[in-house]
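A single structure is presented below for examination.
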Amino acid sequence: MKVLVIGGGGREHALVWSIARSPAVAQIAVTDRNPGFPADALLVEGEPVAWAVAEGVDLVVVGPEAPLADGIADRLRAAGIPVLGPGAAAAQLESSKAFAKSFMDRHSIPTAGWSVHDNAQSAHDAITGPCVVKADGLAGGKGVIVAQSAAAAHTAVDDVFERFGAAAARVVIEELLIGPEVSIIALCDGTRAVPLLPCRDHKRRYDNDQGPNTGGMGAICPVPGVDADLIAQVHSEVLAPTVAGMAAEGMPFTGVLYAGVMLTESGPKVLEFNVRFGDPECQPLMFMAGEDLVPWFLAAAQGALPERSPRWREGACCCVVVVSGGYPGRITTGHPITAVPEESAEQVVFYAGAATDGEQVVTSGGRVLSVTAWGETPASAQRTAYAGVELVQFATADWRRDIGG
Ligand code: GLY
């Protein structure tokens, strides 16, 4: 098989790493550069759909949300190429918070109370205390503000309208839910959803969940306390009605459905949907795979997921993201990455904000790379991950010390 992966970040490095190990895959192609991609990966030249058609690609795996919202999966399907990713209409589950919230209401999917506002005054009028303020459109992970007071919410509304312009032509004000969060990521084939192992992201920048939100500072997989019964409940109350509802509304969901779920005292409630693997959740998920996932990706793309769940390794994974100091604010780039831990069955490095500059790999973004480690227990996975992180060397390197803690 010839498989094309769209995107070049840490999530896509993990996907390429997993796909490259499949005996079914003869050739991998990529649209972006990443220092961790195999040297023999083909780099797509020109427009990826036309390239995929010309090259006879057998499967396309789309990493990020933006090309999905832009309709790349529709164009690939129209050209007869199997693609793991929803069309633009179904991608609205992520690209419009208002769409996702009204969809959940229509299908009785548990979620926080909400209201949508197309001007700042109306949003201000809806604030009665602590709440969550969300830009309606895609905002690169920076459109959600958890406001712990009414004053903070008013500031957030002004900030969102000012900062995000068109993306914030509408703002959603949501009830603030309390409880631990879990990311339930499922492969969907248009009619069925097969949940993968549960993951937990660590979104805040500093230890003990302090500081600003980031794209994600680390993740664990699976999540202690999130057992098969809880996953079955999320499947029956969230995933299955979502896939059925999207099909009934003429927008069948084929691809990766990510439900960010708050485990509240009154049961699991959806915080957000994404229409792709989480980043960094994808990194430990790929390292936990106990079988080749390429047939699963293809089966989802072809509307034929098996009636079972994928097999997973025993034990647990911990992924720690190493960032450029200053992230998520001002950073400097171009620093040589002079050491990373060696890959083994216990650990792997996935590159994200890194680039090859002549002979050397240098930093090029905020989240530079992650060390993902496996262990027989969550504690041993955590120990191995941090031992690996200590070996990473580049100027300004920083990380959270409590991922998986
Ligand atoms: N880790 C959160 C996300 O991928 O949106």
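The values are calculated or read from the model by the stated rules, or taken from the named source; none is laboratory data. These numbers come from a predicted model, not from an experiment. Note: ideal-geometry Cβ built from the backbone for every residue, glycine included; neighbour counts use all protein chains shown. Ligands, DNA and RNA are stripped out before the accessible areas are found, and what is left, the full protein with its side chains, is counted by its heavy atoms. Shrake-Rupley method; radii C 1.70, N 1.55, O 1.52, S 1.80 Å.
Relative contact order for the chain using alpha-carbon pairs under 8 Å, separation at least 6, rounded to a whole percent?
Answer for the chain is 17 percent.
Report the one residue of N208, L293, G36 whose Cα lies farthest in the direction of the positive end of the charge dipole of the chain (charges on C-beta: Lys and Arg +1, Asp and Glu -1; origin at the Cα centre).
N208
Given the options A39, A385, A304, state which has the largest fluctuation in a GNM of the chain using a 10 Å cut-off (strictly under) for Cα springs.
A39
Bin width 10 Å, alpha-carbon pairs only: give the P(r) of the stretch 209-337 as whole percents, running from 0 to the bin holding the largest distance.
For the stretch 209-337, the pair-distance distribution reads 10, 33, 36, 17, 5, 0.
Turning to a different aspect of this structure: For the stretch 242-305, give the percent of accessible area contributed by carbon and sulfur heavy atoms, probe 1.4 Å, rounded to a whole number.
In the stretch 242-305, the share of accessible area belonging to carbon and sulfur is 51 percent.
If R0 is 35 Å, what FRET efficiency do you get for E249 and E359 from their C-beta distance, rounded to 0.05?
For R0 = 35 Å, the calculated efficiency reads 0.10.
To make sure I understand the rule: partners must be lysines, Cα under 30 Å from the Cα of K142, and not fewer than 8 residues away in the same chain. Which ones qualify?
Cα-Cα hits under 30 Å: K97, K101, K134, K203, K269.
Something else now. Can you quote the Å³ per residue value for the convex hull of the Cα atoms in the stretch 1-135, rounded to an integer?
So the per-residue hull volume is 162 Å³.
Pop out the carbon and sulfur fraction of the accessible area of the stretch 148-228 as a percent, whole number, probe 1.4 Å.
Within the stretch 148-228, the accessible surface is 54 percent carbon and sulfur.
Right, another one. Going highest first, how would you order 217-227, 142-152, 285-295 by mean Cβ packing within 10 Å?
217-227, 285-295, 142-152
Further question: Taking the Cβ-Cβ separation of A79 and A39 as r and a Förster radius of 30 Å, what is the calculated FRET efficiency to the nearest 0.05?
Efficiency at R0 = 30 Å is approximately 0.55.
Sorting check: for 330-339, 132-141, 106-115, 169-178, which peptide has the highest mean count of neighbouring beta carbons within 10 Å, and how do the rest follow?
By packing density, highest mean first, the sequence is 132-141, 169-178, 106-115, 330-339.
A further question follows. How many angstrom separate the Cα center of the stretch 361-405 from the Cα center of the stretch 93-155?
Cα centroid to Cα centroid, the span is 33 Å.
If you don't mind, another one. Pick out which of G260, G375, G165 has the largest mean-square fluctuation in a Gaussian network model of the chain, springs linking Cα atoms closer than 10 Å.
G165
Can you compute the radius of gyration and Dmax for the stretch 143-197, using only the Cα atoms, both in Å?
16.3, 44
Now, a different point. If the chain between R21 and D118 were fully stretched, how many nm would it gain, using 0.36 nm times the residue separation less the Cα-Cα distance?
Answer, rounded to one decimal: 30.2 nm.
Can you tell me the alpha carbon radius of gyration of the stretch 294-350 divided by the globular rule-of-thumb value 2.2 N^0.38 Å?
In units of the 2.2 N^0.38 Å rule of thumb, it is 1.80.
At what distance in angstrom do the alpha carbon centres of the stretch 262-322 and the stretch 221-236 lie from each other?
One Cα centre to the other: 12 Å.
If each DSSP helix of 4+ residues adds -39,500 (n - 2.57) and the sum is divided by the residues in the chain, what number results at 222 nm, nearest 500 deg cm²/dmol?
Helix-only estimate at 222 nm: -8000 deg cm²/dmol.
Just how many % of Cα pairs in the stretch 282-405 lie over 23 Å apart, if you round to the nearest whole percent?
When all Cα pairs of the stretch 282-405 are counted, 40 percent exceed 23 Å.
Compute the convex hull volume of the Cα atoms of the chain, divide it by the residue count, and report the result per residue in Å³ as a whole number.
It is 135 Å³ per residue.
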